[in-house]
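Here the structure is laid out as structure tokens; the discussion comes afterwards.
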Amino acid sequence: ESGAAAVYNAWLAHAMELLAKDRLGASWPLWGGVHGTFLRQVFQGDAWPLCLRAATKTLPATASCRDLAALALSLATDDLVAKLGKDPQAWRWGDLHHVTFHHRLGLTPSLRRVLDTELAVGGGSWTVNVAAWRHHEPFAAVHHASYRQAIDLADWDRARWVLAPGQSGVPWLPHYR
């Protein structure tokens, strides 16, 4: 439900792209996930020259990491307006961040429409409720908690558990999704 998480993650996606996509070229999709250590080194350490960018036909030049961060925020805001509308109060992280569960029998597009499940998820790469996304494919969750358990230590019989996206894997049963 967090609008701030939507803004932060959109900013993060654009900052990573501004910092690395042109330099990595065809290797951009192979470069793993969102790298906190890399960002820290750029914005606080010796890698600050990566923030220096020449102007392009569509983007202004950046002369500092502050400029690059501001440009990423501007691009993120434009992106969020396009995807979620003009009212920032209505923006929600879950409206961008989804996980898709592909059923093993979804062999054709029509079967996938019936059997696959897409759900909004919270969390991110660095949260307890992990739901990481790749920098080159924002914001589709690619890693998430597949098993969750809540245990009442005063009453073990009240323990509950669930597998994502449900218990059965059988579409016509009530706990499928």
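The values are calculated or read from the model by the stated rules, or taken from the named source; none is laboratory data. Computed from a prediction, not measured in an experiment: that's the story for all the values here. Here the Cβ positions follow ideal geometry from the backbone for every residue, glycine too, while neighbour counts run over all protein chains shown. Just the protein is used for accessible areas: all its heavy atoms, side chains included, with ligands, DNA and RNA removed. Shrake-Rupley method; radii C 1.70, N 1.55, O 1.52, S 1.80 Å.
Here are the numbers for this structure:
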quantity: All positions within region 63-105 that are of a type in the set (A, V, I, L, M, F, W, C), farther than 24 Å from Leu39 by Cα and in contact with a Gly (Cβ under 7 Å, 6 or more places away or on another chain); calculated: Trp91
quantity: Residue list for region 107-134, filter: surrounded by 15 or more Cβ atoms within 10 Å (Cβ to Cβ) and polar (S, T, N, Q); calculated: Thr117, Ser125
quantity: Number of positions in region 135-177 that are assigned to a loop (DSSP other than H, G, I, E, B) and either loosely packed, with under 10 Cβ neighbours inside 10 Å or modelled with pLDDT under 85 (or both); calculated: 22
quantity: Test: residue in region 99-106 that is loosely packed, with under 15 Cβ neighbours inside 10 Å, at negative phi and among the charged types (D, E, K, R); calculated: yes
quantity: Search result, residues across region 102-133 that are of a type in the set (A, V, I, L, M, F, W, C), touching a residue at least 40 places away in the same chain (Cβ under 8 Å) and more than 18 Å from Gly169 (Cα to Cα); calculated: Trp126, Ala132, Trp133
quantity: Count of residues meeting criterion [charged (D, E, K, R) and in contact with a His (Cβ under 8 Å, 6 or more places away or on another chain)] in region 101-145; calculated: 3
quantity: Options Ala54, Ala4, Ala15, Ala70: the member that is open to solvent by less than 40 Å² (accessible area, probe 1.4 Å), out of contact with any strand residue (DSSP E or B) (no Cβ under 6 Å at 6 or more places or on another chain), at negative phi and at pLDDT 90 or above; calculated: Ala15
quantity: Among the residues listed as Leu84, Leu75, the single one being touching a His at 6+ places or on another chain (Cβ under 7 Å) and at pLDDT 95 or above; calculated: Leu75
quantity: Boolean, Gly94 is in a loop (DSSP other than H, G, I, E, B), among the small types (Gly, Ala, Ser) and surrounded by 13 or more Cβ atoms within 10 Å (Cβ to Cβ); calculated: no
quantity: Residue that is modelled with the lowest pLDDT, among those in region 28-46 that are under 13 Å from Ala15 (Cβ atoms) and surrounded by 15 or more Cβ atoms within 10 Å (Cβ to Cβ); calculated: Val34
